[in-house]
Amino acid sequence: METVVSGIRSTGKLHLGNYYGALSNFVKMQNEYNCFFFIADLHSLTTHPTPHGLQGTVRQVIVEYLAAGIDPEKSTIYVQSDVPEVAELYLYMNMNAYLGELERATAFKDKVRSNPDNVNAGLLTYPVLMACDILIHHGTKVPVGKDQEQHLEMTRTFGNRFNRLYNVDYFKEAFAFSYSDKLVKIPGLAGQGKMGKSNGEADCIYLSDSADVIRKKVMRAVSDSGPTEMNQAKPEAIQNLFDLMKVVSAPDTLQHFDDLYNRCEIRYGDFKKQLAEDMVLATNDVRMRIEDIANDDAYIAKVARLGAEKAGESARKTLKEVREIIGIKRFY
Ligand code: TRP
């Protein structure tokens with residue numbers, strides 16, 4: 001059975017983009033593959049969260065993984081820092097990751113541009129740590145979005161380089177993986193691009209948002225003054241709302257509003273109201289489970305312990321072999 005590995009950085013609550021783009025895929029995969037889903041808390045340290053903030057976001061992601069339907073009996077759900085072997089492997093792999101290639105990574109260059117006063121070494125070697133997350137379990141399938149494609153290519157480079165350096169056939173190549181070719185597009189509410197916290201709070205519908213908050217956010221979503229010509233092309237902000245409706249509403253509802261738009265008879269108030277209600281409905285189960293699980297400390301602890309044990313076992317085996325390959329030996 002092939003191994004799937006994926007992680008979500010613990011930087012806050014998960015939104016609809018995370019849900020439809022990642023979590024709902026994870027849930028399907030767990031029946032067919034050996035799955036490791038973890039909370040990348042070490043990765044999130046690059047932006048220096050407060051200790052209290054860090055604990056809160058890690059807990060939140062565990063809760064939301066579970067609420068989305070990841071089953072801790074089928075998949076291994078764990079917190080990255082509960083498996084210190086990841087950090088040890090990261091040290092070894094850093095020895096053959098080169099400055100030039102790390103500096104060329106698009107995500108790194110973006111961070112340097114957006115955050116010039118916090119260009120730390122952890123940010124530079126972020127792709128090495130990500131590679132270790134995958135290599136430590138010999139993962140071959142990695143469900144991630146387009147923006148992580150380059151990091152996966154680096155993962156293959158680091159693994160292959162290790163194999164060549166030590167003349168072994170040890171690490172496998174990992175590739176991006178998605179269930180459907182048609183990537184579901186989850187745009188935000190702010191009128192531009194995909195849903196993301198970096199576009200502001202109003203852009204995102206969080207899985208934990210109450211029905212009223214969802215309604216408010218949708219009613220305030222960016223739109224325009226309406227079509228003026230029959231069958232006119234939709235500007236981005238409007239297309240985005242239709243794309244969201246495509247995900248949460250029934251096909252004939254979408255068709256209905258599309259027809260109204262094309263006849264210049266659409267009223268955005270009604271359109272948004274329908275979108276909001278369908279969104280509330282689509283997220284209802286997850287939201288209720290979030291509320292239940294968030295209050296269950298004992299269950300969260302049980303899941304985290306089970307995950308740490310299962311992931312730890314896999315990681316310890318890899319580290320034992322890696323130390324041997326490198327020639328690290330105990331003389332006692
Ligand atoms: N870099 C990923 C992101 O920002 C998160 C991540 C860290 C990850 N380690 C991983 C994803 C390993 C897949 C596999 O989305």
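Roughly how many Å² is the accessible area per residue of the stretch 75-114, as a whole number, for a 1.4 Å probe? Mind showing how you got there, number by number?
Numbers: 1990 Å² over 40 residues.
Roughly 50 Å² per residue, with all protein chains present.
Using a 1.4 angstrom probe, figure out how much accessible area the stretch 197-291 has per residue, in square angstrom, rounded to the nearest whole. Intermediate values should be presented prior to the final figure.
Values: 5030 Å² over 95 residues.
Value returned for the stretch 197-291: 53 Å² of accessible area per residue.
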Quiz item: Put +1 on the Cβ of each Lys and Arg and -1 on the Cβ of each Asp and Glu in the chain; which of 38, 26, 102 then has its Cα farthest toward the positive end of the dipole?
Solution: 102
Self-check item: Stokes-Einstein translational diffusion, the stretch 243-332 - Kirkwood Rh over all Cα pairs, 0.890 mPa s, 25 °C, in µm²/s
Solution: 135 µm²/s
Quiz item: Residues with amide H under 5 Å of residue 175's amide H, sequence separation 5 or more or different chain, H placed in the peptide plane at 1.01 Å from N; which?
Solution: 141, 142
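Rounded to the nearest 20 Debye, what is the dipole magnitude of the stretch 136-246 about its Cα centre when Lys and Arg each give +1 and Asp and Glu each give -1 at the C-beta? Please list the in-between numbers first.
Working: 16 positive and 14 negative charges, 50 e Å.
With Lys and Arg at +1 and Asp and Glu at -1, about 240 debye.
List the relative contact order of the stretch 197-291 as a percent without decimals, with contacts defined as Cα pairs under 8 Å and 6+ residues apart. Don't skip to the answer; put the middle values down first.
Numbers: 74 pairs, mean separation 38.5, N = 95.
Over the stretch 197-291, the number comes to 41 percent.
So what's the chain giving for Rg/Rh, alpha carbon basis, Kirkwood Rh from the mean inverse pair distance? Numbers along the way, then the final one.
Details: Rg = 21.9 Å, Rh = 21.6 Å.
Reported Rg/Rh (Cα atoms, Kirkwood Rh): 1.02.
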Exercise. Diagonalise the Cα gyration tensor of the stretch 197-291 and give the resulting equivalent ellipsoid semi-axes, square root of 5 times each eigenvalue, largest first, whole Å.
Key: 25, 15, 10
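Mind scanning 194/234; 111/185; 172/197 and naming the pairs with a C-alpha gap bigger than 26 Å?
Working: 194/234 17 Å; 111/185 24 Å; 172/197 34 Å.
Flagged as over cut-off: 172/197.
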Practice problem: Excluding residues fewer than 8 places away in the same chain, name every one of the aspartates and glutamates whose C-alpha is closer than 14 Å to that of residue 329. | Solution: 321
Exercise. Place +1 on the Cβ of every Lys and Arg and -1 on the Cβ of every Asp and Glu in the chain, take the dipole about the Cα centre, and give the residue among 295, 112, 12 whose Cα lies farthest towards its positive end.
Key: 112
Practice problem: Tell me which residues come under 5 Å, amide H to amide H, from residue 9 once H is placed; ignore anything under 5 positions away on its chain. | Solution: 40
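The values are calculated or read from the model by the stated rules, or taken from the named source; none is laboratory data. The structure displayed is predicted, hence computed values, not measured ones. In this analysis, Cβ positions are derived from the backbone assuming ideal geometry, glycine residues included, and neighbour counts consider all displayed protein chains. Remember, those area values only see protein heavy atoms, side chains included, never the ligands or the DNA or RNA. Shrake-Rupley method; radii C 1.70, N 1.55, O 1.52, S 1.80 Å.
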